[in-house]
Each structure stands twice: as C-alpha cells, then as structure tokens.
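Step one of this worksheet: look at the structure below.
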Amino acid sequence: MLKPFYSNFKIKNKIFSISLLLLLIFCLIGMVTYHYFTNLYEKRIYEESADMLQLSSTVLDEELKKIENLSFQVSTDTLVQEYMETINERKIGFEDYKTKANLLERLLTFAASERYISSIQIIDIYGKKYTTGYNTKIENDADKIKRLVSASEGSNTWSRIDGKNGLSSARQIRKKANVSLSNMGILIISLDMDKFVEQTLDFSKNKNFIITDGNEIFYQNEGSTIMDSHDFPKESIENGYKIEEMEGKDYLLTYKHSRFSQMTYYHLLPFDNITKQSQTIKRIMIVCFLFMLTLTILLSRRAAQNISKPLEELSTRMKQVQDGDFEEPEAIPEKYHNDEVGLLHINFRLMLDKINELIKENYTKQLIIKETEYKALQAQINPHFLYNTLDSINWLAKINQQEKISVMAEALGNMMRNIISKKAAMITVKEELEIVRNYITIQQYRYEKRLDFTLDTSITHEGSQIPKLTIQPIVENAIQHGLEEMVTKCHVSVTVLAIGENLQITVEDNGPGIDESKLEGIYRGKIKSKSSGIGLNNINERIKLMFGDTYGVNIESRLGAGTKVKILLPYMAG
C-alpha cells in the first residue's frame with residue numbers, strides 16, 4: 001500500500017501542506033459550486049418570474065371576468081331594460097327626460113362598484129350616448145366597438161381606448177322580455193388600466209408589465225420600456241419565458257395567455273439585473289481566495305508550530321515516565337489550557353496522579369495487613385492457659401453453688417475459644433451468632449433487667465460465610481454507647497435477612513442516637529471503640545477490601561431516636 005507523500009514530514013510541515021491542499025480543493029469546489037448555483041439561480045429567477053406572471057394573470061383574469069359579469073348584469077338589469085325600451089321609443093317630454101336621468105343614476109350605481117371603472121356608457125339604437133362615472137370625457141371608437149360587438153354575437157368584447165391607457169368592455173344589450181333578444185343598444189364599460197393594475201397587482205412603477213391582444217397593445221405601464229407588438233413572441237403556449245433582445249439590450253421576457261380571452265400578459269426584466277449580482281459574487285470570491293491564500297500561509301505555519309511544540313514536550317515527559325519517573329509534572333503553561341493539547345497534558349497529569357495514588361494505597365494496605373497479623377499473633381499468646389483457668393473457675397463456682405459465676409465463666413470460655421482458636425478469617429453466621437449469644441449472656445448477668453436482646457434469623461442464613469467478628473463488635477458498641485448512657489431499659493436486636501443474592505445483617509438499639517458530626521468521624525475512623533478496639537470503620541474497611549465497594553457498613557441514626565447499623569455482605573454458602 002502506497003504511503004501519502006507527506007508521511008515522512010514533520011507534523012508542522014504536514015499541517016502546512018494539508019492546509020494548502022485543502023485550500024486548493026475548496027477553491028476548485030467553490031468555482032464549480034459558483035457556476036452551478038449561478039445557473040441554478042438564473043433558472044430560478046426565470047421560473048419565479050414565470051410563476052409570478054402566472055399568479056398575476058390569474059388575478060387579472062378573475063378581475064376581467066368580474067367586469068364581464070358586471071357587463072352582463074347591467075345589460076340584463078330589469079330597470080336598465082325598461083329605461084332603454086322607453087328611450088328607444090323616442091318619446092318627447094318630461095317622461096323621456098326623467099327616464100334618461102334614471103338611467104344615468106342606475107348606471108352610476110354600477111360604476112361605483114369598482115374604483116378602476118372610469119365610466120359606463122350606453123349607446124341607444126339611434127347612436128345617442130348616455131355616459132356616467134368619474135371620468136365621462138373618455139371617448140371610445142364607437143364604429144370600431146359596433147363592429148366588434150356585431151361580430152361577437154352578444155358576447156363580451158374587449159378593445160383599447162385610443163390615446164389613453166385604458167380598456168373597454170362592450171356588449172350588445174338585448175331585450176329579455178318574452179326572450180325577444182332584439183337589439184336595444186350597446187353597453188360600454190371603460191377601465192382605467194393604471195388603477196386596475198395598481199389595485200389588483202400592486203406592481204411597482206419600474207416593473208415592465210404589458211397586456212396585448214393579437215398585434216394590439218392594450219396596456220403598458222408607465223416607466224416601462226416602449227415596446228412594439230412585433231417584439232413579442234407569437235408562440236401559442238400557455239406560458240413560458242425566453243431571452244429577447246430589444247433596443248440593444250437583453251431582457252428576460254415571460255408571457256402567459258389569458259384563460260378566457262385573446263389577451264396575453266407579458267413581464268420584462270432587464271437581464272443586467274439578473275447577472276449583476278452573479279458578477280459581484282464572482283469578484284468577491286476572487287478577492288476572498290487571494291486573501292485566504294495569504295492568511296493560510298501565515299496562520300498554518302504559526303498554528304503548526306503551536307501544536308507541535310506542546311506535543312514534543314508531552315512526548316519528552318512520557319519518556320521520563322517510561323524510565324520510572326512518576327513525579328508530578330510542572331505546571332502546565334497557560335497557553336495550553338483551553339485546547340485539545342492542553343486537555344492531553346491535563347489527562348496525562350491526572351493519570352500520573354492516579355498511578356501515584358494506587359501505589360500509595362497499595363503500600364498502605366500492606367502496612368495494615370502486617371499490623372493486623374501482628375496484633376492477631378499477640379492475641380494468641382497461650383490461649384490454653386486461659387481456657388483451663390476459666391474452666392477451673394466454672395467448676396469451683398459449681399461446687400460452691402455460684403450459678404451466675406459458673407454461667408459467666410462458661411460463656412466467656414466459649415466466647416474466647418470461638419474467637420481465638422478458630423484461625424480462619426471467614427466463619428459461618430451460626431458461629432458468629434454463637435459468639436454474640438455468649439457475649440450477651442455475660443452482659444445480661446451484668447446489667448440484668450436493663451438489657452433486652454432479641455435475635456431474628458433463619459436456619460437457611462446460618463450457613464453463609466462472613467468475616468469473623470463482624471456482628472459482635474457492633475452489638476458491643478450498641479450496649480456501650482446505648483445502655484451505659486441511658487437510665488431506661490435498652491433494647492438491642494439483631495436481624496439477618498436475605499436480599500436478592502446478598503445478606504443484610506441489622507443491629508438496632510433504642511439508645512440516645514448519634515449526631516451527624518460524630519457519624520462522619522466514625523466513618524473516617526477518627527472515633528475509636530470504647531470496648532474491643534474493633535471499630536465500625538475497621539469492619540467497614542475489611543468488608544470493602546474483601547468484597548468491593550458495593551458492600552460494607554451503613555449507619556442510620558438521629559439524636560434521641562436510636563441507631564440502626566446495616567451490614568451488607570454477599571451470600572456465600574459454606
């Protein structure tokens with residue numbers, strides 16, 4: 001397998017080389033991306049322009065359709081029909097005058113329905129015009145409209161108002177009584193297209209928006225490029241766009257045909273407006289690349305040196321540890337504290353601290369073990385002499401009929417025999433409870449009715465192995481710290497329960513309790529036992545050394561509420 005060309009470089013040269021390589025790669029990717037997104041952007045502009053025109057044409061179609069419906073509504077209005085029938089009869093007098101006034105008033109009602117309706121005009125069968133609206137000076141080409149209306153066979157027809165940016169909707173008024181359909185005149189609704197487009201589309205003034213019908217331009221908003229009907233494409237498709245050159249400039253021309261008329265809507269966007277941003281982005285990218293190239297050369301060298309120097313220092317320190325030097329390293333320089341190399345230094349120092357801690361802990365445990373063995377050796381001095389002496393006291397008491405002395409001597413002898421003669425570190429629960437019973441027998445003769453002891457266990461639990469002298473010292477502490485500090489009766493209980501795969505031994509008393517500061521001292525081993533010398537801390541450490549931190553001694557106590565000591569051990573069948 002071939003190695004990369006920079007495999008044998010120093011780390012700072014690798015960083016520098018990779019930085020330049022990545023910059024070149026990013027530059028190439030940027031160029032490709034720029035061209036891709038530029039094309040995508042321009043295409044999106046084309047599509048959005050077409051979509052906008054599509055939406056605009058839909059709105060305009062709806063409004064124009066509304067005008068056609070209004071035209072039909074006016075032409076078929078009952079009152080308008082009655083007024084036109086009267087007018088066409090050419091009656092002379094007040095009635096004729098009143099009918100014409102009513103007609104204009106009725107038409108004004110329809111003209112006021114939309115702000116962009118300039119006027120509504122009716123031409124009777126004799127050619128006389130009746131006009132109302134806010135702009136009655138608009139003149140339509142009556143002959144042209146008559147030709148269009150005649151050709152439309154009663155339907156609506158659209159035409160341009162000459163000299164004005166306006167549009168006219170015209171249709172023939174036919175008599176609807178008895179479905180006669182006879183000609184009663186022509187209805188013309190004139191629209192102010194500037195207001196019409198402003199109200200319906202809200203185009204800005206610099207937008208090039210045009211409406212045509214065949215070769216005739218119906219509307220062209222102010223400020224737009226002056227167009228001729230021959231400049232527009234003649235494709236008969238629903239919508240589309242193309243690049244069109246007009247007056248020496250390129251335009252994006254989008255177009256859409258009306259859904260219900262012969263009109264076509266156009267929107268022109270100067271092509272310079274589209275490419276202007278792309279050219280600006282291109283120039284900015286070139287400047288940014290040159291700047292990044294210079295900055296990369298300067299910073300990559302500096303960064304490579306800053307990264308490699310602390311790594312070299314860490315490598316040197318690791319070699320010292322490899323040679324056996326576990327001493328604490330010097331303080332980490334401040335400049336390494338907040339980066340990954342600084343974290344590497346910190347973690348390495350924590351590892352050294354942990355190694356030193358484990359070494360010291362192991363050494364301390366070895367000293368404890370030696371001291372314990374020494375104390376155990378001292379405790380085994382001539383045990384048979386003690387047994388024989390206690391046995392002699394027992395028989396002498398029996399001879400002299402001193403039953404209490406006999407029982408106490410026998411109990412003490414059995415207790416000493418179980419403690420001293422059995423060398424194993426682990427004994428059964430049954431054997432440990434036998435030591436407790438002998439101890440309680442002695443204490444009950446001493447305190448008589450002031451001491452009440454109960455034991456709750458099961459035969460199935462008595463076969464489990466536990467460390468020797470686990471329960472008796474705790475019972476002894478309960479009597480020493482409970483009974484001796486109270487004047488009422490002291491209750492001491494021992495309970496052995498199985499909890500899952502573990503064994504829980506609870507020693508509880510109703511003594512005066514222990515405050516929190518004293519409890520903390522017991523856990524730390526600062527407060528020693530008054531009696532046997534085997535304190536709770538000693539028992540707790542032995543259990544944890546033998547079985548792990550999951551097991552050990554837990555004390556629950558409050559002042560005036562007694563004390564409960566729980567011992568958790570693994571269940572180990574003998």
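The values are calculated or read from the model by the stated rules, or taken from the named source; none is laboratory data. All of these numbers come straight from a predicted model, not from anything done at the bench. Glycine also receives a Cβ, built like all others from the backbone with ideal geometry; neighbour counts cover every protein chain displayed. Only protein heavy atoms, including side chains, enter the accessible area calculation; ligands, DNA and RNA are left aside. Shrake-Rupley method; radii C 1.70, N 1.55, O 1.52, S 1.80 Å.
For the chain, with all protein chains present and a 1.4 Å probe, just round the carbon and sulfur fraction of the accessible area to a whole percent.
Carbon and sulfur: 55 percent of the exposed surface of the chain.
Taking the Cα-to-Cβ direction at residue 348 and at residue 480 and moving 7 Å from each Cα, how far apart do the two end points lie in nm?
Going from the residue 348 label point to the residue 480 one covers 5.1 nm.
A 32 angstrom limit on the alpha carbon distance is what I want to check against. Which of 129/176; 144/256; 404/430; 43/66; 65/100 exceed it?
Among 129/176; 144/256; 404/430; 43/66; 65/100, the Cα-Cα distance tops 32 Å for 43/66.
Can you list residues from other chains, or at least 5 along the same chain, whose modelled amide H is less than 5 Å from the amide H of residue 535?
Counting only residues 5 or more places away or on other chains, the set is 529.
Along the stretch 488-498, what does the Karplus equation 6.51 cos²θ - 1.76 cosθ + 1.60 (θ = phi - 60°) give for ³J(HN,Hα), rounded to whole Hz, x for Gly and Pro?
After applying 6.51 cos²θ - 1.76 cosθ + 1.60, I find 8, 6, 9, 9, 10, 10, 10, 10, 10, 10, 9 Hz.
Determine the per residue accessible area of the chain with all protein chains present and a 1.4 angstrom probe, expressed in square angstrom.
60 Å²
Between residue 503 and residues 5 or more places away or on another chain, which pairs have amide H atoms under 5 Å apart, with H built 1.01 Å from N, and which residues are they?
Under 5 Å from the amide H of residue 503 lie the amide H atoms of 569, 571, each far enough along the sequence or on another chain.
Once R0 is set to 41 Å, what does the formula 1/(1 + (r/R0)^6) return for the Cβ-Cβ distance between residue 20 and residue 356, expressed as a FRET efficiency to the nearest 0.05?
Step by step, r from the Cβ atoms, then E = 0.40.
Over all alpha-carbon pairs in the stretch 427-570, figure out the percentage whose distance exceeds 18 Å.
It works out to 54 percent of all Cα pairs.
Of 190, 346, 157, which is farthest along the charge dipole of the chain in the positive direction, counting Lys and Arg as +1 and Asp and Glu as -1 at C-beta?
Sorting the options by dipole projection puts first 346.
Restricting to Cα pairs below 8 Å that are 6+ residues apart, what does the relative contact order work out to for the stretch 62-205? Please round to a whole percent.
Relative contact order here is 25 percent.
Of the lysine pairs in the stretch 431-556, how many meet both conditions: Cα atoms under 18 Å apart, and a spacing of 8 or more in sequence or different chains?
Count of close lysine pairs: 5.
Here are several values of percent of Cα pairs over 36 Å apart: (i) 61; (ii) 69; (iii) 38. Which one was derived from the coordinates shown?
Answer by label: (ii).
Just to check I understand the Karplus step: with θ = phi - 60° and J = 6.51 cos²θ - 1.76 cosθ + 1.60, what whole-Hz values come out for the stretch 317-326, glycine and proline as x?
3J(HN,Hα) across the stretch 317-326, in whole Hz: 5, 5, 5, 5, 5, 4, 8, x, 8, 9.
Below 8 Å, C-alpha to C-alpha, sequence gap of six or more: please give me the relative contact order for the chain in percent.
That works out to 8 percent.
Sorted by packing (mean other beta-carbon atoms within 10 Å per residue), highest first, where do 509-519, 399-409 land?
Those peptides, ordered most packed to least, come out 509-519, 399-409.
Considering just Cα atoms, how many Å³ per residue does the convex hull of the stretch 127-194 enclose?
Cα-based convex hull of the stretch 127-194, divided per residue, equals 95 Å³.
If we count every other residue with Cβ under 12 angstrom of residue 568's Cβ, Lys/Arg +1 and Asp/Glu -1, where does the sum land?
Taking every Cβ under 12 Å from that of residue 568, the sum is 0.
Please list, in order, the residues from the stretch 168-204 whose amide nitrogen is less than 19 Å from a point placed 7 Å along the Cα→Cβ vector of residue 66.
Hits in the stretch 168-204 for residue 66 at 19 Å: 168-170, 189-204.
Could you calculate the contour length gain from residue 515 to residue 182, that is, 0.36 nm times the residue separation minus the distance between their Cα atoms, to one decimal place in nm?
Net length gain for the segment: 108.3 nm.
Enumerate the calculated ³J(HN,Hα) couplings along the stretch 33-39 in order (Karplus 6.51 cos²θ - 1.76 cosθ + 1.60, θ = phi - 60°), each rounded to whole Hz, writing x wherever the residue is Gly or Pro.
5, 4, 5, 5, 6, 5, 4
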